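Everything on this sheet refers to the single structure shown next.
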């Protein structure tokens, strides 16, 4: 592993961004879980009670994997995260009040499947209707791209060959590779948070995204368009009434084109 002191500034900056993306995401997921846990049935009925450890492990592991130039392993973890988020959302929406034990029986086939076709069966009503299909399509592309790294494939080997042809060692840190990885991380973590937000009561996402003064949460995933649309859903809240135009301007100024 490369010593931080020996890293070029642009590589160090990219790695810091990787860590911030994962840290902010984990903060959001933990908040959703803890806020939902105010309901006494949470620990008996919500899959996040136990699945949160999986989300935690991925978010903690990716920055270390990226620092070790384990780019393909990062993408395999992102694939898992997408699949897990969609499955959890589907199961919770389909049978919110049944016990976790019953869910594991009722939805064993869906949980054990490697398909994410369930994304076509979940409700994303916190997003504008016109944008739901776009998110679903983006998630399908992300899943397809990250699936290329699950098994040893021609695509994976050709990627290694291109890296070698550019004069880089097979496991070397480069600004270009990290920027590309961070783009996948940002899109995947944002999509995952949107799906998880649809698996819990609306107030949980609102409590995380909307500050006491009505302002939007200043986390780095706020630059994602789907997170901004999720945040926009809560513009009806009274905390935002007085400064709504300013909040909207600030929100969309942060969103990447």
Which of the following residues is free of Cβ contacts under 8 Å to residues at least 24 places away in the same chain and part of a loop (DSSP other than H, G, I, E, B): 218, 158? 218
Considering every residue within segment 101-108, establish whether at least one is more than 28 Å from residue 235 (Cα to Cα), surrounded by 12 or more Cβ atoms within 10 Å (Cβ to Cβ), out of contact with any strand residue (DSSP E or B) (no Cβ under 7 Å at 6 or more places or on another chain) and touching a residue at least 40 places away in the same chain (Cβ under 8 Å). yes
Does segment 161-175 contain any residue that is within 23 Å of the chain's Cα centre (by Cα), surrounded by 12 or more Cβ atoms within 10 Å (Cβ to Cβ) and either part of a helix (DSSP H, G or I) or at pLDDT below 80 (or both)? yes
Sort through 118, 111, 181 and tell me the only one that's touching a residue at least 40 places away in the same chain (Cβ under 8 Å) and either surrounded by 13 or more Cβ atoms within 10 Å (Cβ to Cβ) or under 21 Å from residue 223 (Cβ atoms) (or both). 181
Any idea which residue in segment 121-133 is farthest from residue 229 (Cα to Cα), counting only those that are free of Cβ contacts under 8 Å to residues at least 24 places away in the same chain and exposed (fewer than 14 other Cβ atoms within 10 Å of the Cβ)? 133
Residue within segment 244-257 that is assigned to a loop (DSSP other than H, G, I, E, B) and under 18 Å from the mean Cα position of the chain (by Cα) present: yes
Taking residue 195, is it over 18 Å from the mean Cα position of the chain (by Cα) and in a helix (DSSP H, G or I)? no
For segment 184-227, enumerate the residues that are surrounded by fewer than 24 Cβ atoms within 10 Å (Cβ to Cβ) and touching a strand residue (DSSP E or B) at 6+ places or on another chain (Cβ under 8 Å). 210, 216, 217, 222
Within the bounds of segment 118-137, is there any residue that is within 18 Å of residue 59 (Cα to Cα), touching a helix residue (DSSP H, G or I) at 6+ places or on another chain (Cβ under 7 Å) and not in a loop (DSSP other than H, G, I, E, B)? no
For residue 236: the one exception among (1) at pLDDT 95 or above; (2) within 30 Å of residue 184 (Cβ to Cβ): (2)
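Conditions tested, residue by residue: (1) modelled with pLDDT of 95 or more; (2) part of a loop (DSSP other than H, G, I, E, B); (3) farther than 20 Å from residue 179 by Cβ; (4) in contact with a helix residue (DSSP H, G or I) (Cβ under 6 Å, 6 or more places away or on another chain).
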position: 12; (1), (2), (3), (4): yes, no, no, no
position: 52; (1), (2), (3), (4): yes, no, yes, yes
position: 56; (1), (2), (3), (4): yes, no, yes, no
position: 74; (1), (2), (3), (4): yes, no, no, yes
position: 91; (1), (2), (3), (4): yes, no, yes, yes
position: 98; (1), (2), (3), (4): yes, yes, yes, no
position: 105; (1), (2), (3), (4): yes, no, yes, no
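The values are calculated or read from the model by the stated rules, or taken from the named source; none is laboratory data. None of these values were measured; they are calculated from a predicted model. Please note: Cβ atoms are built from the backbone with ideal geometry, for glycine as well, and neighbour counts cover all protein chains shown.
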